[in-house]
1. Once phi is turned into ³J(HN,Hα) by the Karplus curve 6.51 cos²θ - 1.76 cosθ + 1.60 with θ = phi - 60°, what whole-Hz value does each residue of segment 104-118 show in order, with x for glycine and proline?
2. Provide the percentage of antiparallel DSSP beta bridges, counting only those with both residues in the chain; round to the nearest 5.
3. Quick one: which residues, 5+ away or cross-chain, put their amide H under 5 Å from the amide H of SER164? H built at 1.01 Å from N.
4. Check ALA211: other-chain or 5+ apart residues with amide H under 5 Å from its amide H, H built from backbone geometry?
5. Identify which of PRO53, PRO154, PRO172 has the largest mean-square fluctuation in a Gaussian network model of the chain, with springs joining Cα atoms closer than 10 Å.
6. In the Gaussian network model of the chain, springs joining C-alpha atoms below 10 Å, which of ASN27, ASN156, ASN123 carries the largest mean-square fluctuation?
7. So how tilted is helix 3-14 from the main axis of the chain? Cα-based, degrees 0 to 90, rounded to 10.
8. Where in segment 278-303 is the amide nitrogen less than 15 Å from a point lying 7 Å along the Cα-to-Cβ axis of LYS151?
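Laboratory data are not the source of any read-out in this text; all were calculated from the coordinates shown. Quantities reported herein were computed from a predicted structural model and do not represent experimental measurements. As a convention, Cβ positions derive from the backbone with ideal geometry for all residues, glycine included, and neighbour counts pool all protein chains shown.
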Amino acid sequence: MTIKEHIIELLEECNELSVKEIVSKTNASKQMVHLALLKLIDEKTVRKLGRTPKTSYRLIEQQPEKPILTIPVLTEKQNQFLEGQCLIVTQTGKLLRGIEALTYFCIEKDLPFERTYVELNSNFYALEKYYDKKGKINATEKLLHNKAFDKVWPDNLFYFSFDSIQPLGRTPLATLLYYAKQGQSTFLMTILIEEVKERIYAFIKDQKADAVAFVPPTIGREMQFMKFLKNNLNLSLPHIEIKKINCLIPLPQYSILKTENKIRNADNTYVVSETRHFKHVIIIDDLVDTGATLNQIAGKIKLKGIAAEVTGLGLVGSFKGFEILNDE
C-alpha cells in the first residue's frame, strides 16, 4: 500500500486528521506525509482545513454530477454590473465576486444562469429608485410611518445599502457585514471598510456634522466590527460616547421580534455620556432594522441637550417598511 492510499484509508476511517496524527498512524516521515498530502490536494481528493499551525485534512466528498451550466457571453456593462452587485461567500469560506459568484450560486441552487441574471438585474433596478444621486437611501419616512414609535427623534435616517436582494438573498455590503461579524474576520472587515470609508467621509462633510457617535455592539465578541470601523475611520470629529449596559442575558436587537420590545430594550440598555454641546451629530450603526436603536439613542442625545440635530446612518438597512410607503 502506498502512503497516499494509506492516508485515504485513514481519512475514510477517521474523517479528519492532522499531519502529526497521520505521521503517527503511518510511521512515515513528516516530509513524506506532506508530499503525499500535496499530491492528494492537487488531485482534488483531499482538502486542507484551517491555517498553519492549526490545520487538518479531510477527504473531498464526491458530489453527484450536475448538469453543465450554460453561461452566455456577457457584455462589458453586464460584467461590471455583476462585479458590483454579486458577491458570495462559499461553503468553504471563499469570497467570490462577479460572474464567478453568480456561476457558483446557480450551480449550488441548480438555477439557469441567464434567467437568474435577468432576475437579479431586474430587482436591482426596481430598488434603484430608492437611492439618491450620491448612492444613499433616505429611510426617514419609514421611521415616521412606524406607529410603534411615540416620537421619532432623528431628523433624518439614511442607509448605504439595503440588506437583501433576490434571488441572491443578501446584497454585497450585507454579505460582507454578515460574514465579517459572524466569523470575526478582520480580512472581511477591512474589505467592507474600504467599500464604505470614502462614502462615510463624504456623508459627514455633506451633512456638516460637528460630532459623531458609534452604536456599540450588543453581543460580546473578541473582534468587534463597530470598534474596528471606528478605529479605521480615524475621524477627527469629537466622539460622543454611547455605552451598552447588558442584562444578565444580552439580547441582540435582531432576536427581538416586536418593534415595541426593540424600543424598550434599546431605551433600557443604551446610555449616552456627554457634557459637551454640538449642532449636528451623526449616529453610525452597521445594520438598521426597524430603527429602534437609533431612534432611542437620538432621543437621549436631544433630551440631554447634546445636539439640536441628529442624523442616523446605517451601512446596511432593512427594506421592511418601504413596501408600505409604496402602497400609499
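1. Values, residue by residue: 4, 4, 5, 5, 5, 9, 6, 10, x, 4, 4, 5, 5, 4, 4 Hz.
2. Here the antiparallel bridges make up roughly 50 percent for the chain.
3. When sequence neighbours closer than 5 places are left aside, the close amide H contacts are THR171, PHE319.
4. HIS280, ILE282
5. Residue with maximal mean-square fluctuation among PRO53, PRO154, PRO172: PRO53.
6. Among ASN27, ASN156, ASN123, the largest GNM mean-square fluctuation belongs to ASN27.
7. The angle comes out near 50 degrees.
8. Within reach of a label on LYS151: 295-303.
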